[in-house]
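The values are calculated or read from the model by the stated rules, or taken from the named source; none is laboratory data. What you see is a predicted model; the values in this text were computed from it and never measured. Cβ placement follows ideal geometry from the backbone for every residue including glycine, while neighbour counts extend to all protein chains displayed. Accessible surface areas use protein heavy atoms only, side chains included; no ligands, DNA or RNA. Shrake-Rupley method; radii C 1.70, N 1.55, O 1.52, S 1.80 Å.
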Amino acid sequence: MEPITIAMAKGRLADETLTLLENMGVDVSALKEKSRKLVFYSGDHSYRFIMVKPSDVPTYVDHGVADVGIVGKDTLMEENRPLYEMLDLGFGTCRICIAGYAEKEPLKNAHIRVATKYTGIASQVFSTRGSSIEIIKLNGSVELGPVIGLSDVILDIVESGATLHANGLSILEEICTCSARLVVNRVSLKTKESQIRPLIEGLKEQIEKRSNDHD
Ligand code: PRP
């Protein structure tokens, strides 16, 4: 049988994603080796993995070249693709927040400059507000925006809060909570159901086990 393809997000979700699959009994040793390879197989070749930038996970799954994806809800909200979101995997929890210098009360400005990686979410969040908005796209180290005077606020994910704190910024508003999700291509769910369903069930079991261990 052909393997199913799983697109995995590089970066802050990668380690926990591998641990979850490993706990399910999937041999992910090929992914742990240091290499420049982009495609990997599980030991038994039942899974093919691609490791990509988080924002590219929904693209691969939407196009059907990956059947399944593991990626943050923040990225899914930003990319807004028609995928089936099947499971909250319960790790990588963070909050999407507006942050800035609290003492400057930047959200009261008539014109607000927002630096963000999440331009889609930012447009939506600020669309219903009275102020005029300028969204400035950055690809990382977004906190620099207010620090260096590029923007009045940022819209970004906050995990521990350490980056905000280290740069003298505070949360001004919390938009929502996010965590890692399992998404599935709509056609794959029908055509490869016999392979995808056991994966979903296996992941569900692991999530339940984890939450019982934490109780
Ligand atoms: C993310 C986010 C914040 C930081 C928040 O950036 O954009 O900068 O993590 O985490 P904290 O609340 O635990 O400090 P990431 O580390 O992914 O790198 P980037 O700045 O290059 O996007």
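Could you work out Rg/(2.2 N^0.38 Å) for the chain, with Rg from alpha carbons only? Walk me through the numbers on the way to the answer.
Details: Rg = 19.2 Å, N = 215, 2.2 N^0.38 = 16.9 Å.
The reported ratio for this selection is 1.13.
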Sorted by chain and then number, the residues having a modelled amide H within less than 5 Å of the amide H of Phe49, at least 5 places away or on another chain, are Ile6, Phe40, Tyr41, Ser42
Simple SL model, points at 7 angstrom along Cα→Cβ for Glu159 and Lys190; separation in nm is 3.8 nm
At R0 = 22 Å the Cβ-Cβ FRET efficiency linking Leu144 and Glu174, nearest 0.05, sits at 0.55
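How much length, in nm to one decimal, is gained on full extension between His214 and Met24, taken as 0.36 nm per residue of separation minus their Cα-Cα distance?
On the way: separation 190, 0.36 × 190 = 68.40 nm, distance 1.79 nm.
Gain on extension, His214 to Met24, equals 66.6 nm.
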Any GluC sites (Glu not before Pro) in the stretch 102-191 that lie in a DSSP loop and have at most 16 other Cβ atoms within 10 Å would be Glu159
Karplus-derived 3J(HN,Hα) from phi for the stretch 170-176 (6.51 cos²θ - 1.76 cosθ + 1.60, θ = phi - 60°), whole Hz, x at Gly and Pro, runs 10, 6, 9, 7, 9, 8, 6
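Per residue, what accessible area does the chain have, given a 1.4 Å probe and all protein chains present, in Å²? Before the final figure, lay out each step's value.
On the way: 11320 Å² over 215 residues.
Spelled out: the 1.4 Å probe surface of the chain, per residue, equals 53 Å².
Quick check: from the Cα gyration tensor, does the stretch 78-178 come out rounded (a/c under 1.5), prolate or oblate?
Working: a/c = 1.98, a/b = 1.36, b/c = 1.45.
Oblate is the answer for the stretch 78-178, as a/c is 1.5 or above yet b/c matches or exceeds a/b.
Express as a percent, rounded to the nearest 5, the fraction of DSSP beta bridges in the chain (both residues included) that run antiparallel. Numbers along the way, then the final one.
Values: 25 of 43 bridges.
The answer is about 60 percent antiparallel.
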Ranked output for segments 117-126, 10-19 by mean other Cβ atoms within 10 Å, highest leading, reads 117-126, 10-19
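If you roll a 1.4 angstrom probe over the protein chains with everything in place, what fraction of the accessible area of the stretch 94-178 belongs to carbon and sulfur, to the nearest %? Kindly include the intermediate steps, with their values, before the conclusion.
On the way: 2130 of 4290 Å².
Exposed carbon and sulfur together represent 50 percent of the surface.
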The long-range amide H neighbours of Gly72, using H built 1.01 Å from N in the peptide plane and a cut-off of under 5 Å, are Arg181
In the stretch 123-206, the trypsin sites (Lys or Arg not before Pro) that sit in a DSSP loop and have at most 13 other Cβ atoms within 10 Å of their own Cβ are Arg129
